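**Q** Got a structure for you, questions after.
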Amino acid sequence: MSMKPWHDVRRILCIRLDYLGDVLMSTPAIRALKQSHPGSHITLLTSASGAVAARHVPEIDDVIEYAAPWMKSSSPHEPACDHAMIERLADAGFDAAVIFTVYSQNPLPAAMLCYLAGIPLRLAHCHENPYQLLTHWVRDPEPEERIRHEVRRQLDLVATIGAHTDDERMSFNVPCDDMRAARNLLSAIGVDSEQPWIVLHPGATAQSRRYPPEYWREASRTLASKLGCPLVFTGGKDETALVEQIRADIPHAFSLAGKLTLGELAAVITLSPLLISNNTGPAHIAAAVGTPVVSLYALTNPQHTPWQVNSRVLFQDVSCRFCYKSVCPQGHHRCLTGVAPQQVVDAAVELLQLPPAAQSLVTSETIMFLQVV
């Protein structure tokens, strides 16, 4: 693969049409592009959720929001919207496009978008021969040959055109205003951010990735009894009832569900000594800002464990692992219900007791039998 055409690129379009966590897991690769092309301007084409996250990523200079019709999260719209997007991309004068996908996604619709917009260089993983749609095709080895962590997958992609970085951490900038607002919110509910406390995030977009509420409640009650420290629950507005169900009658259990912007949520996670979360966006924010994570990890897929942060990944192995489903096809949720609440408590206590020096040396636990690299 010739890398010479990429030496002179300055206006780069990165495409990541998924959710917040997926965008964050692409940020090390975006940093590699930025650092390997000094003076470059990077635009991210992404979903509404991804656009909110992208505004906290300093390596991204501009954001274009697009509800791509080939993505599950989008709603039907008139083809004129897609024609307008092609024209917008053509008018922007991009030198190159890098398409980030998970291995179960087809990059060719996005490649066609870029092809029709006249973007001269187009890079992506692809299982099938893209012919003229990609100028730089990286044959996708997943899942037949191996499975990589999502961050590694994207770093490997940009490495094929000579883009590298020595800093492979995920990127998320928490503005000072958000930190100040988070401290004020915590103070208002009686939480001293300088003392031990825990953030708990019991929600998730996909039903299959949610640890059961009754398990959350039992783990929370035990944590409150054992540690006596404040528990701060977070979530979206649609998760306030779930949070109330879990925290009812638990001493020093507070709710910020539905009360935080993304930046404020990240600030709360940054200030906290520990996050307990399902496999969802806040777990990746925690990894990006360096907060240890207890991850309740449904085995819907293997590539999204917390990246380069001290963590404990809890799951029960099941024969139906890696279903890639938003709703458990077996109906038993055993990969999560097999995790006892006491395991959550033990993992939390273990992480809280590790000294900072140890925390800086320990990276995310790999699910060893998954052979994720």
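The values are calculated or read from the model by the stated rules, or taken from the named source; none is laboratory data. The model shown is predicted, which means the values in this text are computed figures rather than measured ones. Note that we place each Cβ from the backbone using ideal geometry, even for glycine, and neighbour counts take in every protein chain shown. All accessible areas refer to the heavy atoms of the entire protein, side chains included, with ligands and DNA or RNA removed. Shrake-Rupley method; radii C 1.70, N 1.55, O 1.52, S 1.80 Å.
**Q** Quick check on this structure: which one of S208, S220 is in a helix (DSSP H, G or I), under 21 Å from F315 (Cα atoms), open to solvent by less than 30 Å² (accessible area, probe 1.4 Å) and free of Cβ contacts under 8 Å to residues at least 40 places away in the same chain?
**A** The conditions single out S220.
**Q** Next question. Taking the stated definitions as given, is S2 at pLDDT below 95, surrounded by fewer than 24 Cβ atoms within 10 Å (Cβ to Cβ), in contact with a helix residue (DSSP H, G or I) (Cβ under 6 Å, 6 or more places away or on another chain) and of a type in the set (S, T, N, Q)?
**A** no
**Q** Next up: Assuming V138 fulfils every condition listed in (1) assigned to a strand (DSSP E or B); (2) modelled with pLDDT under 95 apart from one, which condition is it?
**A** Among (1) assigned to a strand (DSSP E or B); (2) modelled with pLDDT under 95, the lone unmet condition for V138 is (2).
**Q** Scan the range 311-319 and give yes if some residue there is within 13 Å of L274 (Cα to Cα) and at pLDDT 90 or above, otherwise no.
**A** yes
**Q** Tell me yes or no: at least one residue of the range 146-153 is in a strand (DSSP E or B), hydrophobic (A, V, I, L, M, F, W, C), touching a residue at least 60 places away in the same chain (Cβ under 8 Å) and open to solvent by less than 30 Å² (accessible area, probe 1.4 Å).
**A** Yes, the conditions are met somewhere in the range 146-153.
**Q** Let me ask another. Keeping to the range 31-41, report how many residues are in contact with a strand residue (DSSP E or B) (Cβ under 8 Å, 6 or more places away or on another chain) and more than 19 Å from L134 (Cα to Cα).
**A** Number satisfying all stated conditions: 4.
**Q** Still on this model: Just the residues that are surrounded by 14 or more Cβ atoms within 10 Å (Cβ to Cβ) and touching a residue at least 24 places away in the same chain (Cβ under 8 Å), please, taken from the range 49-69.
**A** S49, G50, V52, A53, A54, H56, V57, E59, I60, I64, Y66, A68
**Q** In the range 142-154, is there at least one residue being over 28 Å from L265 (Cα atoms) and of a type in the set (S, T, N, Q)?
**A** no
**Q** I'd like the residue in the range 7-48 that is assigned to a loop (DSSP other than H, G, I, E, B) and touching a Lys or Arg at 6+ places or on another chain (Cβ under 9 Å) and, out of all such residues, is surrounded by the fewest Cβ atoms within 10 Å (Cβ to Cβ).
**A** Across the range 7-48, the extreme among qualifying residues is G39.
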